[in-house]
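See structure below.
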Amino acid sequence: MRPAISLRHLSLPAVMAGFVAVLVGYTSSAAIIFQAAAAAGATPLQIGGWLSMLGLGMGITSLGLSLYYRTPILTAWSTPGAALLVTSLPGTPINEAIGVFIFASGLILLCGVTGLFARLMDYIPQAISAAMLAGILLRFGLDAFASLQVNFVLSAGMGLVYLIARRYLARYAIVLTLLAGLAIAALQGNIHLSQQPLTFAVPEFIAPHFTWSTLLGIGVPFFVVTMASQNAPGIATLKAAGYNVPTSPLISWTALVALLLAPFGGFSVCIAAITAAICMGPDVHADPQRRYMAAVAAGGFYLLAGVFGAVIGMLFSALPAALIHTIAGLALLGTIAGSLQRALQDERQRDAALIAFLITASGVTLLGVGSAFWGIIGGAIAHLILSLPQRKRLPGG
């Protein structure tokens, strides 16, 4: 039974977790979105409109799904898909690029409606899902401490505040750490705000054009990469955190929104993994059933980002990279620890989970598909082989 929605569930830690999730999402991959849109031949004004559509789409789906299921369901654009578009779209007319977006979203919607994707995810053991999540998040944890080499005062100061706050004000640890980071960065003069005024980017409808060459050469790989490297880890992240939400409706609703927004540049709306994990940690709330408000808050920040379009990316880019890496890594510490615990607690699945963790953490890319997908595949294969029945020894053999 789902808990009733209550404003009492909205807390400062939840709001800050939502803000950090959106902050990490935009600062970590907004540049890739710019490159993908530019590769499709979009003008700077059109790129602003594309970011507006993405923000609105992610905001609506994050708010709607999180409130309906009372679960921290965060959505995101497909960063691996955007990276593929950067390399595949140059030379492709923008109308054909829009056709690719519609085609891929239609295929994803078909997977959601038919339940094919959900049935596949049901066969993946929770230990392997948790190991995959830990492998994805490992890089963020390492980057937090690697930032000591980039800006020792900033990263060390944030780390010290985090530890002290965890000891005495655990629920507000990330809030205080972020404030400390902003204060130190400001004192260092490392916050570089542009003089460009805030403006609104009006999305522009672009008529799609479909050709077999672009649909097969770009659309199908974009569909595969988005499902394998974004939606699969996103669903696995929810399951690894203990949230057993029906898979097909999540895939269907996000794909439907992407399909409607595609003519305006909303190339994908998917289930988030890394940023969603920020909204699922114990720092948000001790009660897992009340953590959904973090994703609701993130949805609100997404809507704000959608209203201001490309300018929001400019504001996020004003912060130093060391601050972003440090706050993201510290915010994910609890989730990394919980994922590793769930991955390794069952001795029978430990070897398979460890294989999934190492493949994912390696960052390997095969056939254009990222390591998260191959981590799940490798872990599942290992689990199947290690679960084969042993030959019984004959008496006296």
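The values are calculated or read from the model by the stated rules, or taken from the named source; none is laboratory data. All of these numbers come straight from a predicted model, not from anything done at the bench. Cβ placement follows ideal geometry from the backbone for every residue including glycine, while neighbour counts extend to all protein chains displayed. These area figures cover heavy atoms from the full protein model, side chains too; ligands, DNA and RNA do not enter into them. Shrake-Rupley method; radii C 1.70, N 1.55, O 1.52, S 1.80 Å.
Test ILE136 against the stated conditions and say whether it is farther than 19 Å from ALA321 by Cβ and either open to solvent by less than 10 Å² (accessible area, probe 1.4 Å) or touching a Leu at 6+ places or on another chain (Cβ under 8 Å) (or both).
On the way: farther than 19 Å from ALA321 by Cβ: yes; either open to solvent by less than 10 Å² (accessible area, probe 1.4 Å) or touching a Leu at 6+ places or on another chain (Cβ under 8 Å) (or both): no.
No: the conditions fail for ILE136.
Which is farther than 22 Å from LEU261 by Cα and free of Cβ contacts under 8 Å to residues at least 40 places away in the same chain, of LEU120, LEU137, LEU133? If you could, list the steps in order and put the result at the bottom.
Values: LEU137 fails: free of Cβ contacts under 8 Å to residues at least 40 places away in the same chain; LEU133 fails: free of Cβ contacts under 8 Å to residues at least 40 places away in the same chain.
Being farther than 22 Å from LEU261 by Cα and free of Cβ contacts under 8 Å to residues at least 40 places away in the same chain holds for just one of LEU120, LEU137, LEU133, which is LEU120.
Which number in (1) free of Cβ contacts under 8 Å to residues at least 60 places away in the same chain; (2) in a helix (DSSP H, G or I) marks the one condition that PHE205 misses?
(2)
Go through the residues of the range 68-85 one by one and say whether even a single one is without any contact (Cβ under 8 Å) to a residue 12 or more places away in the chain, over 14 Å from GLY300 (Cα atoms) and of a type in the set (Gly, Ala, Ser). Walk me through how you get there before you give the answer.
Going through the range 68-85, the residues without any contact (Cβ under 8 Å) to a residue 12 or more places away in the chain turn out to be 68.
Among the residues that remain, those that are also over 14 Å from GLY300 (Cα atoms) are: 68.
Still in the running and of a type in the set (Gly, Ala, Ser): none.
No, the range 68-85 has no match at all.
Step by step: first the residues of the range 62-80, then only those that are modelled with pLDDT of 80 or more, more than 19 Å from VAL20 (Cβ to Cβ) and assigned to a helix (DSSP H, G or I), then the one that is least open to solvent (accessible area, probe 1.4 Å). Which residue is that?
In this case the residue turns out to be LEU65.
Does the range 139-169 hold any residues that are assigned to a helix (DSSP H, G or I) and open to solvent by less than 40 Å² (accessible area, probe 1.4 Å), and which are they?
Narrowing the range 139-169 to residues assigned to a helix (DSSP H, G or I): 139-150, 152-168.
Of everything in the range 139-169, those that are assigned to a helix (DSSP H, G or I) and open to solvent by less than 40 Å² (accessible area, probe 1.4 Å) turn out to be GLY141, ALA144, SER147, LEU154, SER155, ALA156, GLY157, MET158, GLY159, TYR162, ALA165.
If ILE206 passes every condition in (1) modelled with pLDDT under 80; (2) open to solvent by less than 60 Å² (accessible area, probe 1.4 Å); (3) of a type outside the set (Gly, Ala, Ser) but one, which one does it miss?
It fails just one condition, (1).
Working only within the range 329-376, note down all residues that are open to solvent by 40 Å² or more (accessible area, probe 1.4 Å), within 20 Å of ALA276 (Cα to Cα) and either among the basic types (Lys, Arg) or under 18 Å from the mean Cα position of the chain (by Cα) (or both).
LEU333, ARG342, GLY363, PHE373
Determine, yes or no, whether VAL257 is at pLDDT 85 or above, in a helix (DSSP H, G or I), open to solvent by 10 Å² or more (accessible area, probe 1.4 Å) and closer than 14 Å to SER62 by Cβ.
On the way: at pLDDT 85 or above: yes; in a helix (DSSP H, G or I): yes; open to solvent by 10 Å² or more (accessible area, probe 1.4 Å): yes; closer than 14 Å to SER62 by Cβ: yes.
Considered against the rule, which asks whether it is at pLDDT 85 or above, in a helix (DSSP H, G or I), open to solvent by 10 Å² or more (accessible area, probe 1.4 Å) and closer than 14 Å to SER62 by Cβ, VAL257 comes out as yes.
From the list LEU178, LEU198, which residue is under 21 Å from the mean Cα position of the chain (by Cα) and modelled with pLDDT under 85?
On the way: LEU198 fails: under 21 Å from the mean Cα position of the chain (by Cα).
Among LEU178, LEU198, only LEU178 is under 21 Å from the mean Cα position of the chain (by Cα) and modelled with pLDDT under 85.
Going by what's in this entry, would THR43 be described as open to solvent by 10 Å² or more (accessible area, probe 1.4 Å), without any contact (Cβ under 8 Å) to a residue 40 or more places away in the chain and either closer than 30 Å to GLY242 by Cα or over 21 Å from the mean Cα position of the chain (by Cα) (or both)?
When the stated conditions are applied, THR43 passes them.
Read through the list (1) under 14 Å from the mean Cα position of the chain (by Cα); (2) at pLDDT 85 or above, then give the number of the only condition that MET53 fails.
All conditions are met except number (1).
Evaluate the following for LEU85: is it open to solvent by 40 Å² or more (accessible area, probe 1.4 Å) and under 19 Å from the mean Cα position of the chain (by Cα)? Before the answer, list the steps.
Values: open to solvent by 40 Å² or more (accessible area, probe 1.4 Å): no; under 19 Å from the mean Cα position of the chain (by Cα): yes.
So LEU85 fails the test.
From GLY300, GLY313, which residue is outside any loop (DSSP other than H, G, I, E, B), modelled with pLDDT under 85, surrounded by fewer than 24 Cβ atoms within 10 Å (Cβ to Cβ) and at negative phi?
Working: GLY300 fails: modelled with pLDDT under 85.
Step by step, each of GLY300, GLY313 is checked, and only GLY313 is outside any loop (DSSP other than H, G, I, E, B), modelled with pLDDT under 85, surrounded by fewer than 24 Cβ atoms within 10 Å (Cβ to Cβ) and at negative phi.
Is there a residue in the range 120-139 that is among the hydrophobic types (A, V, I, L, M, F, W, C) and more than 17 Å from LYS239 (Cβ to Cβ)?
Initially, the range 120-139 is screened for residues among the hydrophobic types (A, V, I, L, M, F, W, C), giving 120-121, 124, 127-128, 130-134, 136-138.
Subset that is more than 17 Å from LYS239 (Cβ to Cβ): 138.
Checked the range 120-139: at least one residue is among the hydrophobic types (A, V, I, L, M, F, W, C) and more than 17 Å from LYS239 (Cβ to Cβ).
Suppose we filter the range 211-254 for residues that are in contact with a Phe, Trp or Tyr (Cβ under 6 Å, 6 or more places away or on another chain), under 21 Å from LEU63 (Cβ atoms) and open to solvent by less than 10 Å² (accessible area, probe 1.4 Å); how many remain?
So the count comes out to 1.
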